[in-house]
Amino acid sequence: MSRTRTISSAKSVELVSTVERAALVLSAFRKSWDFLTLSDVVEDTGLTKPTVFRILTSLVAEGLVFQNEANNTYGLGFLNLRLADVFLSHQSLRQQALPIMQDLFEQLNENVILSVRDGARTYDLDILESTQVIVPSQTCGLAISLHESIAGRALLAAASREDQATYLKHYARKIASLPGGEKKLRQDLRQIEASGYASAAGGILLGGHTIAKIFAHGAAALSVSFPLARFSDELEKRVIELLSDAVQAVESTSEPN
Amino acid sequence: MAPASQKKNPSSSGEERYQIEGISNAVALLRGFSRQNPSRALADLAAEVGMSETLARRTLETLAQHDFITSLGDDCYELGFGWLSLADIRRRQVGLRQIAYPVMRALRDRLNETIILSIRSGFRRISIDHVESGQSIRRTAQSGFETPLHIGSAGKVLLAGLNESELDHYFTQVPLRAFDGAGKIDQKELLAEIGAIHERGYSIAFREITADAAALSAPLYDHRGATCGALTVSLPADRFSDRLRAQCIRELLKATDEISTHLGFSAQILVRKKGHR
């Protein structure tokens, strides 16, 4: 089962600079789905060219990155799949949710997403991507501040008032820059609390609409995302009904016998 | 094996000198986590990798700053969710053809028979790539060649990848006729063949699409355990001896395992899927 963590403070352990830089280089690959050149990574990380070259060479040797010899670009290696597989293997919530997500996906053919909370952030644990021609682009495992995504807002709305207050204080400057600022966000959270789901356009998904419902005592959200152009009141109503059934089904499978 | 276009290991003579020990240590620690041991105590992990506990802790905490490791407290760690995004992007960067092609070439070199890669598009099987045999009498192949799913070994492997409701839908939509359009195919016999494909992991077709060819196909699985393609060994029917057949089955299954692994598949996913059926 996923753990709900509150906002935690970093440990004061001396970091390993080469590992820190290697992590920065790997993180550069999160910015797009394209292969990267040495210059792309240099530009993204701010490290020097010789440093990036040595790190990439090490990462290639270890299987975390591969090099396309034909055009001298770099992509992510096979080891990433294995490590993600190990991570997912003990996510019991995902294993419970996946068959139900599949049913939901077959009924809607829109993106179906399982998101979990990790402290002040949320990330998508799994995404079943629509086979339609126009679909929202979403990537698993990207950490997003709770207020920045619709699923994240639903998760925040499910948190205790004390937890919400800590969050709003911590992110006060970022939230102030949103349209309507903190006042609007608080209104949104109350509305989500009252209705039991979040349904809104935008968030981090520009041009998209997301409908999210919380389960697992506020630790996870099941969402459906689709392009704004496909939004209709009928679709919203149908998605809300199907999401409610799906969440109930997941919760019933996770209840102890 | 990594696809040939990917440089997995730098040559020991030239590029080894550029490798960084701290990165090798970090990856050694990461490799210490497995499905069987998803969470590890610092002392065990450090001893296994041959690092001091202090350095192992510093390395793990550095990885934790980037969500690659999660600290569970009490000097216990597990992998972090940061790998999900990199795995997701890796899957989008490297497609089925790119992963399969070097394996197909190696398989062709071992068997010296024609190898074909196919995918499903709706109710059709489409060949998307091939590597031809070097023998003077060989099966030729054509990318873009299409058949209904119930015809040929590759089609049947893809048909076997459908769930029950998709299969029912197929049977209501597609007339079960042979490749020449004349002969009828019995649905019960087809279902029995699908059962046999699930059981043994491959399909054999003899003179089904062309009168003088035989073919043997096995499924390719993606990271969710879904059938995402079929790999076929195809050859002149009169060369298909029992001995060659046994060799083809052995080599084909080795190749499909390799491609599926590179697509993120592990056999346990399939066991779980079967459990849900």
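Just so it is clear, none of the values below were taken in a lab; they were calculated from the coordinates. The structure presented is a predicted model; accordingly, all values stated were derived computationally and were not measured. All Cβ positions, even for glycine, are placed from backbone atoms using ideal geometry, and neighbour counts span all protein chains on display.
Points worth noting:
- Under 10 Å, Cβ to Cβ, from B:Val131 - net charge with Lys/Arg +1 and Asp/Glu -1: -2
- Global geometry of chain B, whether rounded, prolate or oblate, following the gyration tensor of its Cα atoms and the 1.5 cut on a/c: prolate
- Using the Cβ-Cβ distance between B:Arg207 and A:Ala176 with R0 set to 51 Å, the FRET efficiency from 1/(1 + (r/R0)^6) comes to roughly 0.10.
- nm² value of the averaged projected area, convex hull over the Cα atoms of region A:92-192: 7.4
- Scaling the Cα radius of gyration of chain A by the globular reference 2.2 N^0.38 Å produces a ratio of 1.10.
- Other residues lying with their Cβ under 15 Å from the Cβ of A:Ile134 contribute a combined charge of -1, Lys and Arg counting +1, Asp and Glu -1.
- Against the rule of thumb 2.2 N^0.38 Å, how large the Cα Rg of region A:33-141 comes out: 1.35
- The label point for B:Val174 and the one for B:Leu72, both projected 7 Å from the Cα toward the Cβ, are 4.6 nm apart.
- About its Cα centre, the dipole of region A:72-145 is roughly 300 debye, where the only charges are +1 on Lys and Arg Cβ and -1 on Asp and Glu Cβ.
- For A:Gln164, the shell of other residues with beta-carbons less than 12 Å away shows a net charge of 0, using +1 for Lys and Arg and -1 for Asp and Glu.
- Label point at A:Ser92 placed 7 Å out along Cα→Cβ; residues across region A:202-236 whose backbone nitrogen lies under 20 Å: A:215-222
- Taking the centroid of alpha carbons for each part, region A:179-257 and region B:115-190 are 41 Å apart.
- Classified by the C-alpha gyration tensor, the protein assembly as shown has an oblate form. Its axis ratio a/c, with a ≥ b ≥ c, is 1.5 or above, and a/b does not exceed b/c.
- Using C-alpha pairs below 8 Å separated by at least 6 residues, the relative contact order for region A:147-257 is 26 percent.
- In this structure, the residue pairs whose Cα-Cα separation is over 28 Å, taken from A:Lys174/A:Lys213; A:Lys31/A:Lys184; B:Lys188/B:Lys254; A:Lys184/A:Lys237; A:Lys169/A:Lys213; B:Lys156/B:Lys254, are A:Lys31/A:Lys184; B:Lys188/B:Lys254.
- Extending 7 Å from the Cα toward the beta-carbon at both A:Lys169 and B:Leu244 defines two label points whose distance is 7.8 nm.
- Region B:92-233 shape via C-alpha gyration tensor axes, a/c threshold 1.5: oblate
- Extending 7 Å from Cα along the Cβ direction at B:Ser165 and again at A:Arg186 yields two label points whose distance is 4.5 nm.
- Residue mean of other protein chain beta carbons inside 10 Å, A:27-40: 2
- Most fluctuating residue given options B:Pro219, B:Pro148, B:Pro38, as computed from a GNM of chain B linking Cα atoms under 10 Å: B:Pro38
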